[in-house]
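The values are calculated or read from the model by the stated rules, or taken from the named source; none is laboratory data. Not measured: the values here are computed from a predicted model. So basically every Cβ, Gly included, is an ideal-geometry build from the backbone, and we count neighbours across all protein chains shown. Remember, those area values only see protein heavy atoms, side chains included, never the ligands or the DNA or RNA. Shrake-Rupley method; radii C 1.70, N 1.55, O 1.52, S 1.80 Å.
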Amino acid sequence: MFSLLKTTKSRSTLKEKYNDSESEEEKCTEEASGSTYYSSQHRGGFQVDVLQHPAQSRRRLGQPTPTSGTEEASGSTYYRSQNRGAKYVDSKLRAGNKEATDEELEKMLDKIMIIFIFIYGKDVFEALYKKDLAKHLLVGKSASVDAEKSMLSKLKHECGAAFTSKFEGMFKDIELSKDTMIQFKQYMQNQNVPGNIELTVNMLTMGYWPTYMPMEVHLPPEMVKLQEIFKTFYLGKHSGRKLQWQSTLGHCVLKAEFKEGKKELQVSLFQTLVLLMFIEGEEFSLEEIKQATGIEDGELRRILQSLACGKARVLAKNPKGKDIEDDDKFICHDDFKHKLFRIKINQIQKSR
């Protein structure tokens, strides 16, 4: 059975809106991704490390609208060339890339820029690159921060400061968030918060970061309380701003105990909410999980599919099958085995 350890770490995201007399460009929303530690009843072991990425709005980037067969082919090529360019950059800059040393990576970026020069239009590349950069910065998926900044410098040299201003703002948000968290930890020392709780938050300016759709879910009371404490702290220093947590981008590290032994599970916040239910009960239906978590039906089915039908099946469903049906029942897979201690359970992507 899953059970919660003494300490649980979770991260959440909020966005912040300026309401003071700033320019229209500056009247934007900030978000925060944070981590929370909290204690619970002694019923076994879950330690959660949740990361909720920021949800910000940005302008809708243009793309050719084909009106004929020739234009359709041209528009498709236009998109594919920028998409492949951005994805190639992502593959070289994200964590886990061990193909090159720093010097070799720098030479590779120079070659990428030669191709970049000949890309017609840069809007699609800009949107995709921003999305990938956000993942690198917020989830720690960057192979090298120096390489990220080097790429940014090359883009600025080629396209000008206006093209890279939002990217630079993303780096600035991360640095400012680190300073804010030093102050928040000092603030927390004077708060009478039960349990071993620690919250880390990244405040992200809406105008800089990609757009994320918010989704309201039912968080554990410990997480909600930590969010409120941070909100009081932050708005006390920055009046006139609106904060909104973005739960769709949350990620956690759960410490779970199976018959084979203890494991750490890298999961999303939504996956975490589902797994935490099995602290209080042994079997749940799809409808019961939906009511308890507040997760939208389609999203919940994909989550349960990842937990009960994927490679790492920490839940078992009855009857067995690859799809999630209305009458399915779910239990904790106590006999779960895996050769790794820390296991990443990937989410099922929404089909397009």
Discussion item. Any residue that is in a helix (DSSP H, G or I), open to solvent by 30 Å² or more (accessible area, probe 1.4 Å) and either among the acidic types (Asp, Glu) or touching an Asp or Glu at 6+ places or on another chain (Cβ under 6 Å) (or both) - is there at least one of those in the range 328-335?
Written reply: no
Worksheet item: Considering the range 260-293 alone, what residues qualify as being of a type in the set (Lys, Arg) and either farther than 30 Å from Phe230 by Cβ or touching a residue at least 40 places away in the same chain (Cβ under 8 Å) (or both)?
Response: Lys262, Lys263
Response to the item:
Given the conditions (1) open to solvent by less than 50 Å² (accessible area, probe 1.4 Å); (2) hydrophobic (A, V, I, L, M, F, W, C); (3) part of a loop (DSSP other than H, G, I, E, B), every one holds for Leu340 apart from (1)
Response to the item:
Within the range 308-323, residues in contact (Cβ under 8 Å) with a residue 12 or more places away in the chain and either surrounded by fewer than 19 Cβ atoms within 10 Å (Cβ to Cβ) or under 18 Å from Lys259 (Cα atoms) (or both) come out as Ala308, Cys309, Gly310, Ala312, Arg313, Val314, Leu315, Ala316, Asn318, Gly321, Lys322, Asp323
Practice prompt. Report yes if Gln266 is under 18 Å from the mean Cα position of the chain (by Cα), open to solvent by 50 Å² or more (accessible area, probe 1.4 Å) and over 24 Å from Ile182 (Cβ atoms), otherwise no.
Written response: yes
Worksheet item: Are any residues in the range 104-142 open to solvent by 50 Å² or more (accessible area, probe 1.4 Å) and in contact with a strand residue (DSSP E or B) (Cβ under 6 Å, 6 or more places away or on another chain), and if so, which ones?
Response: Lys141
Practice prompt. Quick one: count up the residues across the range 173-217 that are under 19 Å from Ala127 (Cβ atoms) and assigned to a helix (DSSP H, G or I).
Written response: 1
Practice prompt. May I ask you to say which residue of Phe116, Phe125, Phe163 is of a type in the set (Phe, Trp, Tyr), touching a residue at least 24 places away in the same chain (Cβ under 8 Å), more than 17 Å from Pro210 (Cα to Cα) and assigned to a helix (DSSP H, G or I)?
Written response: Phe116
Item to complete: Within the range 164-206, track down each residue that is modelled with pLDDT of 90 or more, touching a helix residue (DSSP H, G or I) at 6+ places or on another chain (Cβ under 8 Å) and open to solvent by less than 30 Å² (accessible area, probe 1.4 Å).
Response: Thr164, Phe167, Met170, Phe171, Ile174, Thr180, Phe184
Item to complete: Output the residue which, of all residues in the range 206-255 that are among the polar types (S, T, N, Q) and closer than 26 Å to Ile295 by Cα, is farthest from the chain's Cα centre (by Cα).
Response: Gln227
Worksheet item: Out of curiosity, is Met188 outside the structural domain of Tyr208 (by the TED database) and out of contact with any strand residue (DSSP E or B) (no Cβ under 9 Å at 6 or more places or on another chain)?
Response: yes
Item to complete: Go through the residues of the range 287-305 one by one and say whether even a single one is farther than 28 Å from Leu138 by Cα, assigned to a loop (DSSP other than H, G, I, E, B) and open to solvent by less than 20 Å² (accessible area, probe 1.4 Å).
Response: no
Fill in: Candidate set from the range 222-236 (those that are in contact (Cβ under 8 Å) with a residue 12 or more places away in the chain and open to solvent by 20 Å² or more (accessible area, probe 1.4 Å)); member that is farthest from Ile182 (Cα to Cα)
Glu222
Worksheet item: Is there any pair with a first residue in the range 239-259 that is open to solvent by 20 Å² or more (accessible area, probe 1.4 Å) and a second that is at pLDDT below 85 and aromatic (Phe, Trp, Tyr) whose Cβ atoms are under 7 Å apart and which are 6 or more apart or on different chains, and what are they?
Response: Gly240/Tyr18; Arg241/Tyr18; Thr248/Tyr212; Leu249/Tyr212; Lys255/Phe46
